[in-house]
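Notes follow once the structure below has been shown.
The values are calculated or read from the model by the stated rules, or taken from the named source; none is laboratory data. Please read all numbers here as calculations on a predicted model, not as lab measurements. Cβ atoms come from the backbone with ideal geometry, glycine included; neighbour counts cover every protein chain shown. Ligands, DNA and RNA are excluded from the accessible area calculation, which covers all protein heavy atoms including side chains. Shrake-Rupley method; radii C 1.70, N 1.55, O 1.52, S 1.80 Å.
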Amino acid sequence: MRKLYLRKYQNESPKWEHLRICPQEYTCCTSEMEDKLSQQSKLEFENLVDETSHFVRTTFVSRHKKFDEFFRELLENAERSLNDMFVRTYGMLYMQNSEVFQDLFTELKRYYTGGNVNLEEMLNDFWARLLERMFQLINPQYHFNEDYLECVSKYTDQLKPFGDVPRKLKVQVTRAFIAARTFVQGLTVGREVANRVSKVSPTPGCIRALMKMLYCPYCRGLPTVKPCNNYCLNVMKGCLANQADLDTEWNLFIDAMLLVAERLEGPFNIESVMDPIDVKISEAIMNMQENSMQVSAKVLCELRLLCCCMVTSRGKSFSTIFLSRLGKKLSRQLEIVTDIKEKLKLSKKFWSTLPYTICKDEQVTAGPSIEEDCWNGHTKARYLPEIMSDGLTNQINNPEVDVDITRPDTFIRQQIMALRVMTNKLKNAYNGNDVNFQDTSDETSGSGSGSGCTDDICPTEFDFITTEAPPVDSDRREVEASATQSGWSLQTLLVIFISLVLQRQWR
C-alpha cells in the first residue's frame, strides 16, 4: 500500500530537503510529502489496531448474541412447555388462572433484560397468588372474600402448602438468573470496552514516530527495507501506552467472567432450572392437592381467627389431578458457555500484547529474526536501544515516541472503571449475590434481588472462593427464630380467642 501511495512521487529526483521528521540527509521526499505521509501513517496505524483487535471485538459481539438468543429462547420454550402441559393436564382450571403463570415468566424476562425486579419478592408473590387460587379450588364448598385470601397468602411460608418446592426453586432460579444476567452483561461490557479502546486517536508524537518508522525508508531510497522488530515495539508501546494500562483490569475482568462461566456450567446452570420448571411447579401443586385436607383444616382452623371473614358453604368437590414428569435434555448451554470460555481465555493480556501482535506482522516489520538488514529509524542497521516495558509510566524514556506520562488518557480511565465495576458485579454473581444495575443502555443494567443462597440451603458441596455472602449458620438461626416467633403468635391468638369464647359462654 505504501508503494502505491508513493508511486505518484517516483519521478521526483533525489535532492537535499529540510525535513522535520526523517533524517537530514539525501532524500527524495519534500516537507509537503512528509506532511501527507504523516497523515497516511496515522490512517495505517488506526487500521492496524482495528484489524488486530478484530478478533477480541468479534468474540464479545458474537458470543453475546449467541448467549442472549439462547437465553431468550430458553425462557420462551419453558413458558410454552408449561402452558402446553398444564392445558393438557388441568384444562379449564389452568386456563382460568393462566395469568398467574404468565406473570411469572413476564417478570423473569423483565429481570433478565434489566428491569427493576427483586427475584425473591417476585417468586414469593407467585407462590402466594398460586396459594390463593388453589385454596379456593380445593375448598369449592366455601366462598372466601379477598381479605381472607390475602390473609391466607401472607402465611404461605409457615403453612408450606406446596412442600419444599418453593424454597428450593427460589434458590435455584435466583442464583441461576443472577449468574446468567450478570454474565451476559459482562459480555456487553467487554464488547463496548473493546470497541471503544480499539478506536485509537494517536498523539502528534505518535504520528511523528509512525511516519519515521513506516515512510522514512522510502524517503532514503530504501523502499524494500522494513523496520526492525524491536524498533517497531518501542514505537507501538509509546503509541499504545494508555491501552496497555487497561490490561490489568481487563485480565481481572476476564478471570471473573471465567468464574461465573464455571458456575453456569455447574450449580448455577440456567438450563437445568428452566427446562423442568413446569414439572417442579406441577409437583408443588400436586403436593398441595395430596395434603389438601390438612392444609385446609389448618387454614380454616387457625387463620379464620385472624382473617375475620364470612365463609359460606357451596357444597362442591374438587378432584385430584395427576401429572407425569417429562425428561429434559441438558446440553446446549454447556456447549455455548464452554465455547465462550475458550474465546475469553484467548483474549487475556490482549492490550499489553497488542504491540507484539502488530509488530510480528510481516507486512509491518522485517521480523524478529532479521536484526541487521532492517530500518532502525536512521539507516539500514541493527536497532540498539532497549525495549520499553508496558504502560504509560514506563514510557518516560521511550527513545522513539514523546509520551507525556503525567496526562493519562481520560477515556481509557473511564473504560478501566467500567471494567472494575463489572468485575465486582461478576464476583457477587459468583457468590450468588445480586447487585444493582443501571439501565441496559449503559455498560450495566438491571436491579438488585438479594442473595441466591437463602434460608438454610446454601449448597455445602460447592466451595465458594470469595466470602461476600452472609454466613449460612447465622441465616439459618434467623430463619428458624423468625419461624418460631410467627408460629407462637398464631397459637397465642388461638388460645386467647378460645378463652374469650368460653368466658362469654360461661356468662
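In Å², what does the accessible area per residue of region 59-124 work out to with a 1.4 Å probe? All intermediate terms of the calculation are to be shown ahead of the outcome.
Values: 3030 Å² over 66 residues.
Counting only protein heavy atoms, the per-residue value for region 59-124 is 46 Å².
Per residue, how much accessible area does region 346-409 have with a 1.4 Å probe, in Å²?
Working: 3830 Å² over 64 residues.
Counting only protein heavy atoms, the per-residue value for region 346-409 is 60 Å².
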Placing +1 on the Cβ of each Lys and Arg and -1 on the Cβ of each Asp and Glu in region 148-269, which of Val200, Phe162, Leu210 has its Cα farthest towards the positive end of the resulting dipole? Leu210
If I take R0 = 22 Å and measure r between the Cβ atoms of Asp84 and Arg133 in this structure, what FRET efficiency does the formula 1/(1 + (r/R0)^6) give, to the nearest 0.05? 0.65
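Out of the total accessible area of region 164-227 (probe 1.4 Å, heavy atoms of protein only), what percent is carbon and sulfur?
On the way: 930 of 1830 Å².
Whole-percent figure for carbon plus sulfur exposure: 51.
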Among His64, Tyr112, Ser98, the residue whose Cα sits farthest towards the positive end of the charge dipole of region 60-112, when +1 is placed on the Cβ of each Lys and Arg and -1 on the Cβ of each Asp and Glu, is His64
Using a Förster distance of 56 Å, how high is the FRET efficiency between Lys36 and Asn124, based on the Cβ-Cβ distance and rounded to 0.05? 0.20
Along the charge dipole of region 29-144, which of Phe126, Asn47, Met85 sits closest to the positive end, that is, farthest toward it, with unit charges on the beta carbon of Lys, Arg, Asp and Glu (+1, +1, -1, -1)? Met85
Out of region 16-117, which trypsin sites (Lys or Arg not before Pro) are coil in DSSP terms and have no more than 14 other C-beta atoms within 10 Å? Arg20
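Using the crude model of +1 on Lys and Arg Cβ and -1 on Asp and Glu Cβ, and no other charge, please compute the dipole size for region 84-132 relative to its Cα centre, in debye to 20.
It works out to roughly 180 debye.
Between Glu73 and Ile387, what's the calculated FRET efficiency when r is the beta-carbon distance and R0 is 45 Å? Round to 0.05.
Working: r = 49 Å, r/R0 = 1.09.
It comes to 0.35.
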